Amino acid sequence: MTLRQNFFKKFAISLFAIFVLNALANYFFWYQSFPWFDQMMHFFGGVSGGLFLIWFLYKKYGLLREQKAFVRIILINSLLFLLAAGLWEVMEYSMQDFFDIGNALADKFDSINDLIFGLVGNFHALVYYFSKKLIPNVRK
């Protein structure tokens, strides 16, 4: 298995884990019971989104890595992740306005918090990527 395939496998596993955790959380009311649970889920979403972007842009990142443009890799991954997460937050605001349910899905503090934890998760995915590509003798 190539390293690119390994990134996709890890993305798929993380996405499935998020699906299972979210289903259990909704069934057992973990979001209401544990204030930190939503933050943890956004962190895992950031990891998953970061892994997807690394897989999707793997060849481009390889060219940038050869040019030693590591900051560009971080910026591209982070900005694309923030774009996707930001669109998700806009969708949450739109849904609550459309169904007239108040601030049930999103408010400013929650949205900023969600974006921060997702971005931290994205950085963890980037650290994993750089550990696999830049540090010799790390198990693949």
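The values are calculated or read from the model by the stated rules, or taken from the named source; none is laboratory data. These figures come from a predicted structure and were not determined experimentally. All Cβ positions, glycine included, derive from the backbone under ideal geometry; neighbour counts span all protein chains shown. Note: accessible area is taken over every heavy atom of the protein model, side chains too, but ligands, DNA and RNA are not part of it. Shrake-Rupley method; radii C 1.70, N 1.55, O 1.52, S 1.80 Å.
Quick notes on this one:
- For the chain, lysine pairs separated by 8 or more sequence positions, or belonging to different chains, with Cα-Cα distances below 24 Å total 22.
- Phi to ³J(HN,Hα) by Karplus 6.51 cos²θ - 1.76 cosθ + 1.60 over the stretch 10-27, Hz, x for Gly, Pro: 5, 4, 4, 5, 5, 5, 5, 4, 4, 4, 5, 4, 5, 4, 5, 4, 5, 5
- Annotation for the stretch 38-54 versus the stretch 64-120: alpha-carbon center distance of 11 Å.
- For the pair L63 and I13, a Förster radius of 25 Å applied to the C-beta separation gives a FRET efficiency near 0.35, rounded to the nearest 0.05.
- Under Karplus coefficients 6.51, -1.76 and 1.60, residue-wise ³J(HN,Hα) of the stretch 85-96 in Hz, glycine/proline x: 5, x, 5, 5, 5, 4, 4, 4, 4, 5, 5, 5
- Taking max minus min of the alpha-carbon positions on each principal axis, the stretch 28-95 gives extents of 48, 24, 17 Å, largest first.
- A straight chain from F98 to F28 at 0.36 nm per residue would run longer than the Cα-Cα distance by 22.5 nm.
- Take the stretch 75-117 with all the other protein chains still there, run a 1.4 Å probe, and you get 69 Å² of accessible area per residue.
- Checking (1) 35; (2) 27; (3) 44 against percent of Cα pairs over 22 Å apart calculated from these atoms, the matching label is (3).
- The apolar share of the surface of the chain, taken as the fraction of accessible area on carbon and sulfur atoms (1.4 Å probe, ligands and nucleic acids excluded), comes to 71 percent.
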